[in-house]
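The values are calculated or read from the model by the stated rules, or taken from the named source; none is laboratory data. Since we're looking at a predicted model, the values are computed, not measured. Here the Cβ is made from the backbone with ideal geometry for all residues, glycine too, and neighbour counts use every protein chain on show. Accessible surface is based on the protein model in full, side chains and every heavy atom, while ligands, DNA and RNA are left aside. Shrake-Rupley method; radii C 1.70, N 1.55, O 1.52, S 1.80 Å.
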Amino acid sequence: MKVAVFGAGYVGLVTGACLADLGHEVVVRDIVEERIDALRGGEVPIHEEGLAQLLERNRERIRFTTEVNAAVEGADVIYVAVGTPPTYSGDADLSAVWTVVDELPEVDRRIVVAMKSTVPVGTGRTVRHRLDDRGLENVGYVSNPEFTAEGTAVHDFMHPDRVVIGAFDPADADVVERLHDGIDAPIIRCDVASAEMIKLAANAALVTRISFINEIANVCEATGADVTTVAQGIGLDHRIGPAFLRAGIGFGGSCFPKDSLALKQLAANSGYSFQLLNAVIEVNELQKRRVIGKLERRLGSLRGKKVALLGLAFKPGTDDMREAPSLVLAGRLLAEGAEVSAWDPVADGRHLDGVDVAGSALEALDGADAAVLVTEWPELRALDWAEAGARMRNRLLVDGRNMLDPVEMRGYGFDYEGIGRAAE
Ligand code: UGA
């Protein structure tokens with residue numbers, strides 16, 4: 001089939017590359033010329049495992065353009081994969097979606113617009129009206145949300161837990177279902193509003209688990225229990241399951257914070273206060289700041305103290321720093337008068353005002369009064385921690401991801417503290 005993908009960001013590029021790999025002819029369209037030029041030249045503007053290889057392997061089947069007509073010409077399906085960032089009110093900003101919808105040319109055959117961007121429930125219905133108002137009745141509309149996580153997006157796309165297809169017209173759903181031939185996963189076919197809600201509810205369920213385990217961790221700290229053992233103990237209950245029970249310094253990224261706010265706002269717009277989600281969001285905000293208290297308890301005032309942030313990306317395997325806990329930590333530390341150094345194997349923190357970005361983790365730790373492990377990069381697990389300790393002025397280590405072995409770290413002379421882990 002022929003597919004146009006609007007938006008060459010994380011979601012658009014992964015969608016385009018994977019659909020090309022399934023044998024479809026793909027054109028990816030973006031408004032940013034430099035990005036399209038780079039992609040044409042074989043450069044991949046984002047760090048995403050396996051994406052560069054996939055684009056290279058399918059070079060014959062994937063093209064890049066800034067032109068709407070060149071993308072839409074001959075297409076059977078048009079994927080919308082543009083950004084939907086939060087507005088000041090917390091609602092999703094759909095301006096990029098409306099631009100795509102309004103730019104669609106008239107076509108003399110049936111084509112299907114498939115929404116990949118995360119949008120509020122009700123967006124599909126509004127798009128439908130907008131298309132009808134323009135006389136584009138032969139443009140179908142399908143909600144086909146994505147459940148891919150950054151860092152494993154290619155794998156997640158090719159091996160999903162499910163594919164959700166919400167449509168107004170079953171024939172349009174058939175087209176999008178055929179597009180997924182070769183992917184072995186249950187297909188959920190439903191109405192458009194339910195598909196839109198499945199996406200938001202899935203992310204809401206995941207963030208609820210994270211804030212839940214973070215609160216359990218905080219209570220563990222107060223009572224002497226160890227959250228990693230507790231998570232294992234409850235995760236073996238098949239009704240609970242083990243995933244997303246890693247306590248830490250809170251969730252970040254381009255999706256969870258934005259989508260939880262968007263669902264909260266969506267509920268509020270219809271007069272409903274989503275109290276559980278409000279708490280989940282607040283717990284997460286507080287969780288990012290808890291590290292400051294841990295440092296102050298050990299070091300007293302942070303003024304003039306050097307704190308090394310190990311990891312800047314919101315999670316390992318990506319260069320994405322959107323809503324990363326590292327940003328909140330750096331901001332709070334600087335506000336407390338601390339000197340902040342940082343290191344990340346991939347994310348580029350050079351734009352962070354006041355943060356001294358080092359060339360290596362050891363360099364960041366030179367003369368530090370404390371180290372905070374912010375992102376659980378494998379490189380940090382493999383760090384020479386004896387050498388790390390020797391470089392520091394004071395061996396205080398706050399493991400914000402519970403990645404390191406407390407006994408081993410204490411063996412290196414560290415005053416080690418995790419999140420919700422027994423003190424000794
Ligand atoms: C998330 C979802 O996992 C995807 O299914 C979804 O498609 C995507 O959002 C989206 O809406 O586009 P992503 O943001 O890439 O994917 O990353 P995750 O691996 O889910 O991690 C999100 C954050 O939660 C990270 O900051 C991570 O450190 C944190 N996290 C995750 C925890 O603190 N504890 C956990 O147990 C799991």
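Observations
- One residue from 208, 229 being within 29 Å of residue 82 (Cβ to Cβ), within 16 Å of the ligand (Cβ to nearest atom), hydroxyl-bearing (Ser, Thr, Tyr) and not in a loop (DSSP other than H, G, I, E, B): 208
- For residue 300, the requirement of being within 16 Å of the ligand (Cβ to nearest atom), at positive phi and not hydroxyl-bearing (Ser, Thr, Tyr) is not met.
- Boolean, residue 203 is assigned to a helix (DSSP H, G or I), among the polar types (S, T, N, Q), touching a residue at least 24 places away in the same chain (Cβ under 8 Å) and within 10 Å of the ligand (Cβ to nearest atom): yes
- Members of region 156-177 that are free of Cβ contacts under 8 Å to residues at least 60 places away in the same chain, under 25 Å from the mean Cα position of the chain (by Cα) and part of a helix (DSSP H, G or I): 156
- Matching residues in region 219-271 - criterion: being open to solvent by 40 Å² or more (accessible area, probe 1.4 Å) and on the phi > 0 side of the Ramachandran plot: 224, 244, 271
- Matching option when the condition is under 24 Å from the mean Cα position of the chain (by Cα), closer than 22 Å to residue 392 by Cα and open to solvent by less than 10 Å² (accessible area, probe 1.4 Å), among 357, 374: 374
- Scope region 280-297; condition within 14 Å of the ligand (Cβ to nearest atom), among the β-branched types (Val, Ile, Thr) and out of contact with any Pro (no Cβ under 9 Å at 6 or more places or on another chain); matching residues: 280, 283
- Options 32, 5; residue that is at pLDDT 95 or above and in contact with a strand residue (DSSP E or B) (Cβ under 8 Å, 6 or more places away or on another chain): 5
- Residue check, residue 130 in contact with a helix residue (DSSP H, G or I) (Cβ under 6 Å, 6 or more places away or on another chain), in a strand (DSSP E or B) and surrounded by fewer than 20 Cβ atoms within 10 Å (Cβ to Cβ): no
- Qualifying position, being in a loop (DSSP other than H, G, I, E, B) and either more than 16 Å from the ligand (Cβ to nearest atom) or more than 21 Å from residue 247 (Cα to Cα) (or both), among 364, 388, 342, 347: 347
- Failed item in (1) small (Gly, Ala, Ser); (2) over 22 Å from the mean Cα position of the chain (by Cα); (3) farther than 21 Å from residue 364 by Cα, with residue 260 passing the rest: (2)
- The C-beta contact set for region 114-136 (first residue over 15 Å from residue 85 (Cα atoms), second residue in a strand (DSSP E or B) and not hydroxyl-bearing (Ser, Thr, Tyr), distance under 6 angstrom, 6+ apart or interchain) comprises 114/77; 114/142; 115/80; 131/139.
- Within region 117-127, tally of residues that are over 30 Å from residue 316 (Cα atoms), within 16 Å of the ligand (Cβ to nearest atom) and not in a helix (DSSP H, G or I): 1
- Look at (1) over 19 Å from residue 259 (Cα atoms); (2) within 13 Å of the ligand (Cβ to nearest atom); (3) open to solvent by less than 60 Å² (accessible area, probe 1.4 Å) and you find that residue 135 fails only one, number (2).
- Selection status of residue 149, of a type in the set (Gly, Ala, Ser), within 16 Å of the ligand (Cβ to nearest atom) and part of a helix (DSSP H, G or I): no
- If only residues of region 62-116 that are touching a helix residue (DSSP H, G or I) at 6+ places or on another chain (Cβ under 6 Å) and assigned to a helix (DSSP H, G or I) are counted, the one that is surrounded by the fewest Cβ atoms within 10 Å (Cβ to Cβ) is 103.
Matching residues to (1) more than 26 Å from the chain's Cα centre (by Cα); (2) buried (at least 17 other Cβ atoms within 10 Å of the Cβ); (3) in contact (Cβ under 8 Å) with a residue 60 or more places away in the chain:
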site: 333; (1), (2), (3): no, yes, no
site: 350; (1), (2), (3): no, no, no
site: 363; (1), (2), (3): yes, no, no
site: 384; (1), (2), (3): yes, no, no
site: 390; (1), (2), (3): yes, no, no
site: 393; (1), (2), (3): yes, no, yes
site: 396; (1), (2), (3): yes, yes, yes
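- Residue among 252, 235 that alone is in contact (Cβ under 8 Å) with a residue 60 or more places away in the chain, among the small types (Gly, Ala, Ser), within 11 Å of the ligand (Cβ to nearest atom) and closer than 26 Å to residue 317 by Cβ: 252
- Members of region 293-331 found to be of a type in the set (A, V, I, L, M, F, W, C) and open to solvent by 10 Å² or more (accessible area, probe 1.4 Å), listed by number: 299, 314, 321, 327, 328
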